[in-house]
Amino acid sequence: MSTSKSGAQHVESPLMRESLVDKGVLARTESKVTAILPDVNVVQIGGRSIIDRGASALLPLLDEIVANQPKHRMIIGAGSGVRSRHILSVGLDLGLPTGALATLTAKDSAQNAYMVSCLLAKHGFVYLEAPFVVQLLPAMLAAARGAVFNGIPPYALWEHPPLVGKLPPHGSDAGSYLVGEVFGVRKVILIKDVDGVYTGDPKSNPEAKFIPEITAGELMKKNFATLPIEPVLLELMTRARLVHEIQIVNGLVAGNLTRALAGEHVGTVIRS
């Protein structure tokens, strides 16, 4: 702090008289980033792929989460499902903009998160709305066994318009990854109903080849017609500071989550 001739006090800062959109200034802001929760794992449960299948798919997975929680602390993200597909179809027909569609699909994901939190409540898990993930997550993890959150990032009306079409690009895959990136978590695991990334859709193309490991940049260049994750997630990973890999595993196969948490190379690993 310095004092001017007039007696006014000034807080000295390298950014004080700089434009925060200047490229040179932005480059000078690169520095070490602190991991806030480095021992926590983010596990995202797909809405359409897992939750929509009901008890037969979801309950065994939740049992596996509970069994692993004493050794591997987890926060659980929930994705949107078939209800979002219906409401997006109606919204598109009505001509609603991307920001309004994002607000609608987040409601479905929130419902799924609340259902998952109810099923895990007896095991000490709590449900956190988006604002409280920032404010209360560390405190809740100190007091509770785990937390469940809505995986859709709360861009709402401020959702970024996509390059093609009007569907919101940031879904629960991107939202769960961003939570992991901000807190600097140990792992980000995406639970789907496929073994990982293939060169095509394995459900309709038996010739599609499995890809056990790939970088986000390489996967973007391949420009596959279909992916089990949101394409925007790959873009986010190319700018990673703390979480430099994600793992996609098949949640319909018992033990896959346990193996992934233990560090085994199950499913597809995507690195930044």
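The numbers here are math on the coordinates, done by the rules we state, and not lab data. Model, not experiment: these values are computed from the prediction. Positions of Cβ are backbone-derived with ideal geometry, glycine not excepted, and every protein chain shown enters the neighbour counts.
So the values come out like this:
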{"item": "Principal semi-axes in Å for region 86-160 [√(5λ), Cα gyration tensor, largest first]", "result": "29, 14, 5"}
{"item": "Dipole magnitude of region 1-152, debye to nearest 20 (Cβ charges: Lys/Arg +1, Asp/Glu -1, about Cα centre)", "result": "100 debye"}
{"item": "Acute angle (nearest 10 degrees) that the helix 82-93 long axis makes with the longest principal axis of the chain, alpha-carbon atoms", "result": "60 degrees"}
{"item": "Which of Ile248, Phe125, Leu227, positive extreme of dipole for region 123-272 (C-beta unit charges)", "result": "Phe125"}
{"item": "Partners for Lys209 among lysines (Cα-Cα distance below 27 Å; same-chain residues under 8 apart left out)", "result": "Lys187, Lys192, Lys221, Lys222"}
{"item": "Contact order normalised by residue count of the chain, Cα under 8 Å, 6+ apart, percent", "result": "21 percent"}
{"item": "Average projected area [Cα convex hull, region 142-236], square nanometres", "result": "8.1 nm²"}
{"item": "Furthest towards positive pole of dipole, Leu157, Gly175, Ala142, structure part region 35-271, Cβ charges", "result": "Ala142"}
{"item": "Exposed GluC sites (Glu not before Pro) absent: longest stretch of the chain, with sites in DSSP loops and at most 15 other Cβ within 10 Å deemed exposed", "result": "31-128"}
{"item": "Calculated SAXS-style log₁₀ I(q)/I(0) at q = 0.15, 0.17 Å⁻¹ - the chain, Debye, Cα scatterers", "result": "-1.14, -1.42"}
{"item": "Stretch gain in nm, segment Ser204-Ala100, where the contour uses 0.36 nm per residue and the Cα spacing is subtracted", "result": "34.2 nm"}
{"item": "Folded to 0 to 90 degrees: helix 172-183 orientation relative to the chain principal axis, Cα", "result": "40 degrees"}
{"item": "Highest-fluctuation residue, Val25, Val194, Val148 considered, GNM on the chain with Cα pairs under 10 Å", "result": "Val25"}
{"item": "Longest exposed-site-free window of the chain, the sites being trypsin sites (Lys or Arg not before Pro) in a DSSP loop that have at most 10 other C-beta atoms within 10 Å", "result": "72-208"}
{"item": "Value at 222 nm in deg cm²/dmol, rounded to 500, when DSSP H runs of n ≥ 4 in the chain each add -39,500 (n - 2.57)", "result": "-11500 deg cm²/dmol"}
{"item": "Convex hull (Cα only) mean projected area of region 41-182, reported in nm² to one decimal", "result": "8.3 nm²"}
{"item": "For region 79-107 and region 222-272, distance of Cα centres in Å", "result": "25 Å"}
{"item": "Nearest-20 debye value, the chain charge dipole, Cβ charges on Lys, Arg, Asp, Glu", "result": "320 debye"}
{"item": "Region 54-155, relative contact order in percent, only Cα pairs under 8 angstrom and at least six apart counted", "result": "36 percent"}
